[in-house]
Amino acid sequence: SPQCHLKGLWRNELGSNMTILAMNTAGTFSGSYHTAMAATNKQIMVSPWQGVQQRSSAERHPMFGFTMQWQFSDSTTAFVGKCFGGHCRKETLETTWLLREEVLSHKDTWKATR
């Protein structure tokens, strides 16, 4: 099956955009993300992130993870996923995420993760 390449511009069904820059030989990469959805009254800004791809010689559909450094919110998000498709089929990233936001006290930590 064709190889799936992570580098490039990605758009999700909600209108968010992510750019993935070139990967180095260790499998690390970075990029930027502009979300179309946020639970804030602040201006949404493009935010940087850092990631890593699972390096396997047999892996044609890479697994990856990255951590978002939001520029407009006191929160951070970790994404993990896998790339599917290639050549004749549209490449698709399937991801899962956890967002951790700032809370004022330890007793409120239970509601800090979505």
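On the protein heavy atoms, probe 1.4 angstrom, tell me the percent of accessible surface of the chain carried by carbon and sulfur.
Reported share for carbon and sulfur atoms: 54 percent.
Please identify the chymotrypsin sites (Phe, Trp or Tyr not before Pro) of the stretch 33-114 that satisfy two criteria: DSSP loop assignment and at most 16 other Cβ atoms within 10 Å. Which are they?
Hits after loop and neighbour filter: Phe72.
How much length, in nm to one decimal, is gained on full extension between Asn41 and Leu14, taken as 0.36 nm per residue of separation minus their Cα-Cα distance?
Taking 0.36 nm per residue and subtracting the Cα distance, the gain is 7.9 nm.
Mind ranking Met45, Met37, Met18, Met23 by accessible surface for me, highest first, 1.4 Å probe?
Ranking Met45, Met37, Met18, Met23 by accessible area, largest first, yields Met37, Met45, Met23, Met18.
Want the number for Lys111 to His34: 0.36 nm per residue separation, take away the alpha-carbon distance, what's left?
25.3 nm
Suppose every K and R has +1 on its Cβ and every D and E has -1 on its Cβ; what is the size of the dipole of the chain about the Cα centre, in Debye to the nearest 20?
Dipole about the Cα centre, nearest 20: 200 debye.
So which GluC sites (Glu not before Pro) in the stretch 8-107 pass both tests, a DSSP loop state and at most 10 other Cβ atoms within 10 Å of the Cβ?
Glu13, Glu102
Over the stretch 1-41, average the accessible area per residue using a 1.4 Å probe and give it in Å², no decimals.
The answer is 63 Å² per residue.
How many lysine pairs does the chain hold where the Cα atoms are under 21 Å apart and the two sit 8 or more places apart or on different chains?
4
How many nm separate the modelled label positions at Thr76 and Thr95, each set 7 Å beyond the Cα in the direction of the Cβ?
Simple spin-label model gives 1.6 nm for this pair.
If only Cα atoms are counted, what is the Rg of the stretch 8-111, and what is its Dmax, in Å?
15.4, 51
The values are calculated or read from the model by the stated rules, or taken from the named source; none is laboratory data. Predicted model, so just to flag it, every value in this text is computed and none were measured. Cβ atoms come from the backbone with ideal geometry, glycine included; neighbour counts cover every protein chain shown. What goes into the accessible areas is simple: the full protein's heavy atoms, side chains included, and nothing from ligands, DNA or RNA. Shrake-Rupley method; radii C 1.70, N 1.55, O 1.52, S 1.80 Å.
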